[in-house]
Amino acid sequence: MKIDGAWHRALESDGWTVRVLDQRRLPHEVAWLELRSLADAAHAIRDMTVRGAPLIGVAAAWGVALALRDEASDAALAAACATLAATRPTAVNLRWALDEARAALAAVPPADRAEAARALAARIADDEVARCDAIGRHGAALIEAAAHGAARGRAVQVLTHCNAGWLATGDWGTALAPVFRAHEAGIDVHVWVDETRPRSQGALTAWELAQHGVPHTFIVDNAGGHLMQHDRVDLCIVGTDRTTRRGDVCNKIGTYLKALAARAHGVPFHVAAPSPSIDWDMVHGKDVPIEERDGDEVRFVPGTAADGRLARVRVVAGASPVANPAFDVTPAHLVTSLITERGVCAATEAGLIGLFPERARHLGGAA
Ligand code: MRU
């Protein structure tokens, strides 16, 4: 996708050179950082230099490759996977990418492992983009249907939460891919962008949309219910960090409140879910490990000061305790549909198995 008219991915590689857009500085500064080691990759994931479920999976795959370039033993492979798995607990894409790496590389002789790991990381990055591209095509049909639905003579109004755009995936995005596709197809679409405190990923979404000329409006997290109540939202599309096999969806904190408001007002609530976000081993959303992040993310708000420099200001007095759960679970019954790379389905086990029949044989136990 584009930055000032030039095409980029959020993580770019050329041979062994891996560079990532520093998302801690966006949208205020465009800065690239090079990942040179396992430690660099682990740190970039943990401190959210790279973020978004699919992209942290890609970064983890690169972390494995960089580790094996230094030492390619079985022990080094296991240690790299353990280090990367411990960086962030909620997005299952991270575990998925590490499982892929372990499965593919364990059988490769150590002398060839580094090169195999490098090729695998590049392939996972490309596959992620291909999945997003497909989700964009399937999801754009939902936006197009909304455009044909009521002849209101106004743009289709989409509400999204957090950033599930190209910054979160490499290219296209999950929840934003349908928006980009619809916009490219000439459908009149406007996006309500939730700010998404405390990390304000909505500012990343607004920046992406602005770079592509997609009409949008940045709103505080509390505005969505009001807008839905006044018929100013036609559909919600959000991403997911972990989708259970019965269709519960874990996404950025605040997603659940939007789903509740959407249900109260009859607004369709769609979730863009690439297959690596599906945890086939997990039935119930209550079992998803919810990341608890540093309280300073709540105590302080970052931005740019009057002199243009990055700064942060305290918003709560020092004596008050804070809590910072980073994700919440939206139960399947509040989800209108899941948009996967293979098509759109109900947020149910039957719906998912309909699209991924090869998974049926792995399933067992109570639903
Ligand atoms: O904490 P983050 O910014 O990594 O959380 C990101 C989200 O919650 C996204 O909505 C999710 O990863 C889907 S991204 C395609």
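Every read-out reported here was derived from the displayed coordinates using simple, explicitly stated rules and does not represent laboratory data. The structure presented is a predicted model; accordingly, all values stated were derived computationally and were not measured. Cβ placement follows ideal geometry from the backbone for every residue including glycine, while neighbour counts extend to all protein chains displayed.
Things worth noting here:
- Between PHE180, PHE218, PHE356, the residue with the greatest mean-square fluctuation in the GNM of the chain (Cα pairs under 10 Å linked by springs) is PHE356.
- Compactness of segment 136-362, expressed as Rg and Dmax over alpha-carbon positions, Å: 17.7, 60
- Residue-count net charge about HIS28 - beta-carbon cut-off 14 Å; Lys, Arg +1, Asp, Glu -1: +2
- The residue list VAL30, ALA44, GLY5 was ranked by how far each Cα lies along the charge dipole of segment 1-48 toward its positive end, using unit charges on Cβ atoms, and ALA44 comes out on top.
- Among beta bridges that DSSP assigns inside the chain, antiparallel share in %, nearest 5: 55 percent
- Calculated FRET value between GLU12 and GLU358, using beta carbons and R₀ = 30 Å, to 0.05: 0.40
- Each Lys and Arg contributes +1 and each Asp and Glu -1, all at the Cβ; summed about the Cα centre of the chain, the dipole is approximately 620 debye.
- Cβ-placed point charges (K, R +1; D, E -1), dipole of segment 1-89 about Cα centre in debye, nearest 20: 300 debye
- Positive contributions from Lys and Arg (+1) and negative ones from Asp and Glu (-1), summed over other residues with Cβ under 13 Å from the Cβ of MET1, come out at -3.
- Within the chain, helices built from complete DSSP H runs that reach 24 Å or longer along their own axis (Cα positions) and carry a mean Kyte-Doolittle hydropathy of 0.5 or higher are 53-70.
- The Cα atoms of segment 208-282 give a gyration tensor whose axes a ≥ b ≥ c have a/c of 1.5 or more with a/b no greater than b/c, which makes the shape oblate.
- Working note: Cα gyration tensor of segment 175-234, eigenvalues times five, square-rooted, sorted largest first, giving semi-axes of 20, 16, 8 Å.
- Largest GNM mean-square fluctuation across ASP14, ASP171, ASP279, computed for the chain with C-alpha springs under 10 Å, falls on ASP14.
- Fluctuation leader among THR17, THR169, THR205 - the chain, Gaussian network, Cα springs under 10 angstrom: THR17
- Radius ratio Rg over Rh of segment 2-127, counting only Cα atoms, Kirkwood formula for Rh: 0.97
- Estimated FRET transfer efficiency when R0 is 25 angstrom, pair ASP47-ALA210 (beta carbons, to 0.05): 0.50
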